[in-house]
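The structure under discussion appears below in the form of structure tokens.
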Amino acid sequence: MASLSVKPGQRFTLPDWKNNSLLISADAEQQRFNSHHIRQEGRVLRNDTGNQAKWDEHNSRTHLKDRITTVDKWREALAKCLTDLDLEIDALSKVKEAAENAIQAKNLCLDVAIECLTFRESRRDIDVVRDPVEEELHKEVKVIEKTKKELQQRVDDAFRQLCLLKEARQQLSCDHRHKVEALELDQQCMSFNPTSGNISFKVNPTRIPDGTTALSEWELNSRCNKERAEAEMRASVDLRGAITLAIAQTNNELDAQRIATEFALRKRMRDMEAALSELRWQEKNTLEEIAEMEEEIRQLEEDIKKRTLDLKVAHTRLETRTYRPHIELCRDQAQFGLTDEVQQLEGIIRALQQKRTESQDALDALYRQLHRIQTDIGYKTNSLQLDNKCMDTRRKLVVPVEKFDPEVDAVSRTRNLPRESQLEL
């Protein structure tokens, strides 16, 4: 008879079996409880971290917006300041150019004054006098040199101020360019989101880069650049006003001196014309007196010849009567009359000869005076021509150069001057 095979091993009791089932159930419930608790904690953590991340991102975006607004305001302020600075640089450059043109115009005035002085150096003899015209011309030269020096100083000041303006503009432009770059970067940061394709992990992104400045230092730097540019612009505006005033003052001063010089020159020309008129009147009268004196000398010489003939007749009569014979050779009334006649005629001839000598001396003096008058007329004619040339030259100061047609060119300035032979008798 076959026997029942028995599986070897440990045998548990029914209570053990029940206890094991209860233990498994209890462990399952505990594990489910633990899992539920962890799930709840995870949900809370997810909610908290999600909210925190959203708020942090919102705060970062808000801060970026505020920063963009601040930087953009400074960018606009710097851009406006740059525009004003460019306008001021352009205005100062134009004023500086106007001052340089004024200096160049003063060169023409100086050349004219020196040319007038050079013309008047050709005066001769007594006309080489230090008259009011020469004094005014020397004053004009001094005024022109002084105004040129003042304007040159203003030009130098404008050049230095332009350098300061350009230096301030360079700093302002660099600051403006940096702010534009910072705005572009911050706007790029604003555009980043979790779905952007160009986001990635970076090595040590929270590091502080070298050269990092504090916010107060950043704002102070921008404010200093802007305030410096504004200060230089204020200084430039004041300098432009001073240069404009200096140009006007120098022009007025030079115009006043030019008017004084031309007034003195015209007065001198009137005096010269009056003197020439007087000299020509004297020349005419002297020539008439010379003609009358020559006629008088001729009459004297004729009278001397007549009286000499009369004296010869008286001498001949007396000599002839000396040949009367003997007692007839007596001193009668005829003898006394002839003797008195000879004496009278000799006295008359001596008086006539003396008067002829005096008349000849007077005639020589008249000729010398005529020569002196004609020489002086030549001198004054020469001086008047020179003053006319000065007036013609000074037309350059009021007539545009392209329309100026001088009566005498620089090559033949002395072509109309009287020659030496014209001054001689």
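The values are calculated or read from the model by the stated rules, or taken from the named source; none is laboratory data. Please read all numbers here as calculations on a predicted model, not as lab measurements. Cβ coordinates were reconstructed from backbone atoms using ideal geometry, including for glycine residues, and neighbour counts include every protein chain displayed. SASA here: full protein model, heavy atoms, side chains in, ligands and nucleic acids out. Shrake-Rupley method; radii C 1.70, N 1.55, O 1.52, S 1.80 Å.
Quick rundown of the values:
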{"quantity": "Surface per residue (accessible, 1.4 Å probe) for the chain, Å²", "calculated": "68 Å²"}
{"quantity": "Square roots of five times the Cα gyration tensor eigenvalues for the stretch 65-160, Å", "calculated": "55, 9, 6"}
{"quantity": "Crossing angle, helix 215-321 versus the chain [Cα axis fit, 0-90 degrees, rounded to tens]", "calculated": "10 degrees"}
{"quantity": "Inter-site label distance for Glu227 and Thr339 at 7 Å from Cα along Cβ, in nm", "calculated": "13.3 nm"}
{"quantity": "For the stretch 174-324, alpha-carbon Rg and Dmax in angstrom", "calculated": "54.9, 178"}
{"quantity": "Among Thr316, Thr13, Thr213, residue whose mean-square fluctuation peaks in a GNM of the chain (springs only between Cα atoms under 10 Å)", "calculated": "Thr13"}
{"quantity": "Loop sites in the stretch 106-201: trypsin sites (Lys or Arg not before Pro), DSSP, at most 15 other Cβ within 10 Å", "calculated": "Arg130"}
{"quantity": "Carbon + sulfur, % of accessible area of the stretch 246-399 - ligands and nucleic acids excluded, 1.4 Å", "calculated": "53 percent"}
{"quantity": "Filtered trypsin sites (Lys or Arg not before Pro), the stretch 232-332: DSSP coil and at most 14 other beta carbons within 10 Å", "calculated": "Arg331"}
{"quantity": "Pairwise label distance in nanometres, Glu100 with Lys306, each label 7 Å out on the Cα-Cβ vector", "calculated": "9.1 nm"}
{"quantity": "Backbone HN-Hα couplings from phi across the stretch 81-96 [Karplus 6.51/-1.76/1.60, Hz, Gly and Pro as x]", "calculated": "5, 4, 4, 4, 5, 5, 5, 5, 4, 5, 5, 5, 5, 5, 5, 4"}
{"quantity": "Shape of the chain, Cα gyration tensor, a/c cut at 1.5", "calculated": "prolate"}
{"quantity": "Those GluC sites (Glu not before Pro) in the stretch 70-168 that DSSP places in a loop and that have at most 11 other beta carbons within 10 Å", "calculated": "Glu121"}
{"quantity": "Angle in degrees between helix 132-191 and the longest Cα principal axis of the chain, rounded to the nearest 10", "calculated": "10 degrees"}
{"quantity": "Percent breakdown of C-alpha pair distances by 5 Å bin, ordered from the shortest bin, for the stretch 200-273", "calculated": "3, 11, 8, 8, 7, 8, 7, 7, 6, 6, 5, 5, 4, 4, 3, 3, 2, 2, 1, 1, 0"}
{"quantity": "Cysteines (scope the chain) whose Cβ has no counterpart Cys Cβ under 4.7 Å", "calculated": "Cys81, Cys109, Cys163, Cys174, Cys189, Cys224, Cys330"}
{"quantity": "Alpha carbon centroid spacing (whole Å) that separates the stretch 317-367 from the stretch 258-311", "calculated": "37 Å"}
{"quantity": "In degrees, nearest ten, helix 333-393 long axis to first principal axis of the chain (Cα)", "calculated": "10 degrees"}
{"quantity": "Filter on Lys96/Lys146; Lys65/Lys179; Lys284/Lys380; Lys305/Lys355; Lys106/Lys380 - keep pairs with C-alpha separation over 20 Å", "calculated": "Lys106/Lys380"}
